[in-house]
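Data first, discussion second: the structure below is written as structure tokens.
Rule-based calculations on the coordinates, nothing more; no lab input. This structure is a prediction, so every number in the text was calculated from the model and none was measured. Neighbour counts run over all protein chains shown; Cβ positions are idealised from the backbone, glycine included.
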Amino acid sequence: MDDTAGRDSGGTLVGRTAELAALTRLLDAAATGHPALAAVTGPSGIGKTALIDHALTLRENLDVVRVRGVRWESEIPLGVARQLDPRCAGELDATAVVAGERLHATWAARSARDSHPVVVVVDDAHWADTESLQALRTAVRRMTDERVLVLLAAVDDRPGDLTAEALDFWESCRDDVLPVGPLNAEDLRAFAARAHGTALSRPAARHLAAHTGGNPLHTGRLLRELPAKTWQDWQPELPAPARFAAAVRTRLDRCGPEARTLVEASSVLDDGTSLETAWALACPCAEAAPGEEDSQAHPHPLPLPALDEACAAGLLVVSAGPGRALLSFPDPLTRAAVRDAVPLTRRTDLHRRAAHLVADRGRALRHRIFAASVADAQLADELEEFAAEEAAAGAWSSVADTLIKASRLTPESALRQDRMLRATDALVGAGEVAHAATFAPELSSFPPRPLRDAVLGYLAIMRGRAGEAETLLAQAWDHCDPAREPDLAGVISQRRVLHALGRWDPADIVTWARRALGLAAADSPSGIEAEAVLGLGLAAMGRTAEAVAVYEAAAVELPTGAQIQRFQLGRGWVDLAALDAPESALRRLEAAVPTGFRMGSVRISLWAQGWLARTQFTMGAWDDALETVERAAAQLAEVRMEIMRPLVHWTGAQINALRGDWPAAERHLGRAAGLHHYEAMRIPACLAAAQVAEARGAYDRVLDALAPVARADRREGLDEPGFWPWQDIYANALVMVGRASDADAFLRPHEELAAARGHRSTQARLGLARGRVAGTDGDIGAARAHFEEALAHLAPLPLPYDTARVSYAYGQTLRRAGKRREADAVLRRARDGYAQLGAHTYVARCDRELHAGGLNSRRAEPGSQDRLTAQEQAVARLVAGGLSNQETAAELFISVKTVQYHLTHIYTKLGIRSRSELAALSRD
């Protein structure tokens, strides 16, 4: 039963957007004479009935007929059909076909009589008798244009043995199934807040979603049954809901001694444990030697009948292979119910013995933790040693979990705090900022010392809080003695590297990276990351050759495991920005994205995804770029690493604007915006806003968006060619708003720097703006030379968007100069480039330019708007569309006076007097 699962206390459905849309489409179809039968399926408690109820309440004038299947009537022929219409089983020899025809006639008559769609809902349809199900199918099959919808709410893991006829029926529904899946962590947060008044942190919601399988019924029961403080703990060991646990205990009690012993032993082991290991734990006399869990030889016969019994009871699931049977529980709740049914003394003994059975050191330590009932200094020390091994491989999630457990087992206060600080630091390193933030109040209560300030400073960096990070990291450095604590000093220096990266201060990046390398061990995480970022800082200072040398030297002895991510990210970023080598950047950044191997850093992965999306954009792989953005955005929503947010959404905003999907562009733009304290956040947010405004042709807004970048005091790195391509956008906007002389002065130092660096793509982009300036000054020869040089710079580079953009500006400039035939050829090349990219916004602009050029326009017909010249038609369309004279001038790259001149002629030719009349005429 799941009548209210998934609804809050006010009856509002939580989540289910896709499922509700699908059900609404079925109701819409039925209302227009398209009858159907559909199965709404999902596990018990998932919210099937709540979904149907909510969909029905959103519509008026429905004739709803509702019945329910029950277990004890599931073998009564036509029992459910009789609930729908008592005449369906009026005779002893009534068949499913006869009953179906009766239902058809009844529902058709009801729909015709009331003029309302008939919606038939069968709750718990998995308990409906087969004959009734067949009758329902027959009834719908007999329909043509009746307004009837039959909905069967059924669990998808139907209990009991199904007859062949029942199997045939459900198989016939396979194309008409609306599956109701689990709620995600964000949905559960909303459900907990609205229905139970419980504020769940994102980590707690993820933990709860994994435990309950996103099932709102089980989630709601746990929220009611457990004290509120449960959700403040670090990954609490959650029980099963009381009713669920009682049902599992009943099944467990019905098992024989061997089956029960096997199931109880399995409850303390990981899913996927071999039957040999589980039986060795269950039966002490069968216990294998330590680390011999995979041994084929076994001194005690394996309990295959007991395993069969446990599986038949729904308590275990076995995955069999050659010479191997692996045991799992059907779901975490069943495991929890069995585990909690085991007396504490026996459970502790099982964990103690399991620690000697498993070969993996981490798993053995975990069993010893569960077996410890009091503080254990020796075990805590061993956990710290294990955490150090995991840290060497960059497995920060494992490091954090291990140190948190070590902290709780540590009797001495100062050491306990030290371990908790380093655990939180590891959480941030793993990208689990939301988890780490839950510990921030506890850490802030610790006595001030360098480690505390370094950890809290690291957390502030990831949350985008530059001022807070500066204060904390300065305190940490001032109170640290590098001579006595070189490792800690190295960690603080590495945090200063990240802080400098956020501030986009290349000199500071290099200074602190070298300081970190001098303090930290070369193979330590701090030393490795400092070396990986050092090359980036050098490149951002224009010292590209030194940067490449750093990476090539490091490549000789690259670390193994997750640490290689850092080098792939740093070198990939340099390849894209400084070396004009997007193809090699693509390979390196793609390699830096995965985190599955050795539990790599989500933080590094998110940086890599942000720059991977930029690389894919520049190379024209826009679908891939959007996929990268959406994946990274979903991760950001989970881990809350604010410092990466604008970078990720920058590409999403730009591509969607170029494609004309303005709602999506604005959505990404909104997510990129905010109060940004770090330059590495502010710059991409400004670029995103500027590029969306440019796509709209709103060049005054381009200048407004880039004003914070143009006015920034610290220029090193910001103006370095390739890293933040803002200069050409700003200069182009200056020209388009009539400030060509300002653009000329602005361009000169940037052109000189790009030439000195030999940075081809930046020279090409600046060449676009320089060509615009020359064209505005009337020097078409110089403009042509600048545009041709820009295209020559781009020719060897795989940058299709830049090539199309230069060609478009070139064609506009030629058209304005009256070179219509030449402009036509260049604009067609630009149009082809934009079309291949799917940049519909600029395809339309190219079409307008080509039409305004007039070379291919059709002959005018007297008495119509075709009497207008091509240029007048272009102006008329834009003005009628609501653009101002200034916006129209910018769009067509003509002066405002020219727009006014054309409007005068347009009004005269069309016999109208105002813009509103022009708009009305265009609509007609």
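Listed values, structure above:
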read-out: Peptides ranked, highest mean first, by Cβ atoms within 10 Å: ranges 671-681, 871-881, 738-748, 442-452; value: 871-881, 671-681, 738-748, 442-452
read-out: Kirkwood-based shape ratio for region 577-675, expressed as Rg/Rh from alpha carbons; value: 0.97
read-out: Region 242-373: relative contact order in percent, alpha carbon pairs under 8 Å with at least 6 residues between; value: 31
read-out: Environment charge of R110, counting only residues whose C-beta is closer than 12 Å and scoring Lys/Arg +1, Asp/Glu -1; value: -2
read-out: Protection proxy ranking, peptides 488-500, 814-826, average beta carbon neighbours within 10 Å, highest first; value: 488-500, 814-826
read-out: Three-way shape call for region 778-837 based on the alpha-carbon gyration tensor, with the a/c threshold at 1.5; value: oblate
read-out: 9 Å beta-carbon shell around A712, net charge (K/R +1, D/E -1); value: +2
read-out: Sequence ranges 704-715, 302-313, ranked by mean other-Cβ count within 10 angstrom, highest first; value: 302-313, 704-715
read-out: Cα-based reach from K405 at 20 Å (exclusive), listing lysines while leaving out same-chain residues under 8 positions away; value: K229
read-out: DSSP-defined beta bridges in the chain - what % are antiparallel, rounded to 5; value: 30
read-out: Semi-axis lengths (Å, descending) of the ellipsoid that matches the C-alpha gyration tensor of region 641-724; value: 20, 15, 11
read-out: Counted charge near A434, where neighbours are those whose Cβ lies closer than 14 Å (Asp, Glu -1; Lys, Arg +1); value: +3
read-out: For region 738-856: Kirkwood Rh in Å [reciprocal of mean 1/r, alpha carbons]; value: 14.4
read-out: Set of lysines near K897 by C-alpha distance (under 25 Å), chain-local residues within fewer than 8 positions excluded; value: K819, K909
read-out: S916-R696 pseudo-label distance in nm [points 7 Å out on the Cα-to-Cβ vector]; value: 2.4
read-out: Prolate/oblate/rounded call for region 448-559, Cα gyration tensor, a/c under 1.5 rounded; value: oblate
read-out: Cα extents of region 17-179 along the three principal axes, largest first (Å); value: 38, 36, 23
